[in-house]
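The values are calculated or read from the model by the stated rules, or taken from the named source; none is laboratory data. A quick note: this is a predicted structure, and the numbers were derived from the prediction, not measured. Because the Cβ atoms are built from the backbone with ideal geometry, glycine has one as well, and the counts that use them run over all protein chains shown. Accessible surface is based on the protein model in full, side chains and every heavy atom, while ligands, DNA and RNA are left aside. Shrake-Rupley method; radii C 1.70, N 1.55, O 1.52, S 1.80 Å.
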Amino acid sequence: MAATSIAIVGPTACGKTRRAVAVASATGGEILSADSRQIYRGMSIGTGKDLDEYGDVSYHLIDICEAGEKYNLYRYLRDFHVAYRSVVSRGKVPVICGGSGMYVENALKGVRMPEVPENRPLRESLEGLGLSELASILAGYKLLHNTTDIDTVKRAVRAIEIQEYYRQHPDEIPDAGATSSPLDCVVIGVDIPRDERRARISSRLKHRLDGGMVDEVRNLIDAGIAYEDLIYYGLEYKFVTLYVIGKLSYDEMFTGLETAIHQFAKRQMTWFRGMETRGIKINWLPYDLTDAEFVGRVRELSDF
């Protein structure tokens with residue numbers, strides 16, 4: 001019996017979007033993005049939306065809120081379940097695609113979460129702490145596996161805030177029962193060697209900068225988006241914003257960003273390996289298969 005959905009996961013620059021589009025085209029599917037930043041309008045180059053690759057394939061959870069908003073896991077899961085039910089109700093195959101492991105894993109597990117409110121006293125107690133200190137505090141919490149994507153102080157503070165909420169409300173911890181049924185999903189991982197991944201990341205970064213990523217950030221700032229909000233989004237938006245406002249030279253921005261993306265890809269792979277130990281089977285396929293070969297292997301694994 002065929003699964004009801006397919007997920008395409010893997011580290012940044014492995015070619016997930018192209019593979020998901022090929023699979024969706026072949027199976028009559030629609031793509032549900034699982035990327036924590038592609039949800040923002042006006043943030044296209046830095047997040048690698050590559051919408052021109054989609055062709056006639058419909059997609060969801062991209063460009064659904066304004067840059068400057070603080071989107072989170074709670075909102076993603078709420079929006080994901082609505083989109084998923086819509087795709088299934090129309091007889092289409094949901095093809096989940098993304099590298100935000102926390103989003104992917106919780107969506108696949110059918111997690112439902114309460115909205116975690118702001119904890120002003122906690123935030124005040126954390127003021128003045130650096131990222132390494134905040135990361136150490138976060139590491140002391142064992143309730144969730146939320147240790148990625150904390151490359152800014154604001155993200156780290158929010159992560160601690162979430163963990164503290166669950167410490168005080170253990171009955172609301174997703175793993176303690178606040179879940180619906182896991183999705184019936186075949187998970188496919190795009191397996192790319194480390195050296196090839198690193199080469200692709202560096203090449204893609206140059207391409208994005210040449211393609212207008214700095215102007216994209218300037219346009220966001222001109223549209224009224226606060227520097228702090230762009231820095232909050234991390235990676236490209238953090239480093240390019242620091243360059244635009246004169247805090248980094250171009251070379252410092254490029255080198256720092258390149259290193260940060262390599263580190264991010266490593267954290268992504270750590271998360272996906274962790275997913276496997278937490279009971280989610282990932283079927284890893286070589287990154288250099290042709291699209292036809294990739295789709296054929298997915299069909300064999302999913303019976304679509």
Worksheet item: Taking the Cα centre of the chain as the origin and placing charges on Cβ (Lys, Arg +1; Asp, Glu -1), which of I245, M43, V217 is farthest toward the positive end of the dipole?
Response: M43
Worksheet item: Relative contact order of the chain: what whole-number percent is it, with Cα pairs under 8 angstrom and at least 6 residues apart?
Response: 27 percent
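So what is the relative contact order of region 16-143, in percent, for Cα pairs below 8 Å that sit 6 or more residues apart?
On the way: 144 pairs, mean separation 38.8, N = 128.
Relative contact order comes out at 30 percent.
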Worksheet item: Could you work out the helix-only [θ] at 222 nm for the chain, with each DSSP H run of four or more residues adding -39,500 (n - 2.57) and the total divided by the number of residues, to the nearest 500 deg cm²/dmol?
Response: -15500 deg cm²/dmol
Worksheet item: For a label point 7 angstrom out from the Cα of N219 toward its Cβ, which stretches of region 34-65 have the backbone nitrogen within less than 11 Å?
Response: 42-46
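Given an 8 Å cut-off on Cα distances and at least 6 residues of separation, report the relative contact order of region 152-301 as a percent.
On the way: 82 pairs, mean separation 48.8, N = 150.
It comes to 33 percent, rounded to a whole number.
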Worksheet entry | Full-stretch length increase - A3, R85 - with 0.36 nm per residue and alpha-carbon distance subtracted | 28.0 nm
Fill in: At R0 = 25 Å, FRET efficiency that the Cβ-Cβ distance of Y74 and L122 yields, to 0.05
0.90
Fill in: Listed pairs K109/K206; K206/K247; K238/K281; K154/K206 exceeding 32 Å between Cα atoms
K109/K206; K238/K281
Response to the item:
the chain: longest segment with zero exposed GluC sites (Glu not before Pro), where exposed means DSSP loop plus at most 16 other C-beta atoms within 10 Å, is residues 128-304
Fill in: Only Lys, Arg (+1) and Asp, Glu (-1) charged, at Cβ; the chain dipole about Cα centre in debye
500 debye
Worksheet entry | Where labels lie 7 Å past Cα in the beta-carbon direction, separation of D195 and D50 in nm | 2.3 nm
Worksheet item: What distance in nm separates the simple spin-label points at K281 and L301, each placed 7 Å from Cα in the Cβ direction?
Response: 1.1 nm
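Beyond 19 Å, how much of the Cα-Cα pair distribution for region 208-304 remains, as a whole percent? Display every interim value, and only then the final one.
Values: 2757 of 4656 pairs.
Result for the distance tail: 59 percent.
Kirkwood Rh, Cα Rg: Rg to Rh for the chain?
Working: Rg = 19.1 Å, Rh = 20.1 Å.
That ratio equals 0.95.
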Worksheet item: R204 to Y227: extension gain in nm, 0.36 nm per residue of separation minus the Cα-Cα distance?
Response: 5.9 nm
Worksheet item: What is the spin-label model distance, in nm, from H169 to Q263 if the labels are put 7 Å beyond Cα along the C-beta direction?
Response: 3.2 nm
Practice prompt. Run the accessible area of the chain with a 1.4 Å probe and give the carbon-and-sulfur part as a rounded percent.
Written response: 50 percent
Practice prompt. Take the alpha-carbon centre of region 195-233, take the same for region 252-279, and report the distance between them in whole Å.
Written response: 17 Å
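Per residue, how many Å² of accessible area does region 38-108 show with a 1.4 Å probe?
Values: 2710 Å² over 71 residues.
Accessible area per residue: 38 Å².
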Worksheet item: Counting only DSSP beta bridges with both residues in the chain, what percent are antiparallel, rounded to the nearest 5?
Response: 5 percent
Worksheet item: Lys/Arg Cβ at +1, Asp/Glu Cβ at -1, dipole of the chain taken about the Cα centre: which of F254, T290, G234 is farthest positive-ward?
Response: T290
Item to complete: Give me the distance between the Cα centres of region 1-51 and region 82-125, rounded to whole Å.
Response: 15 Å
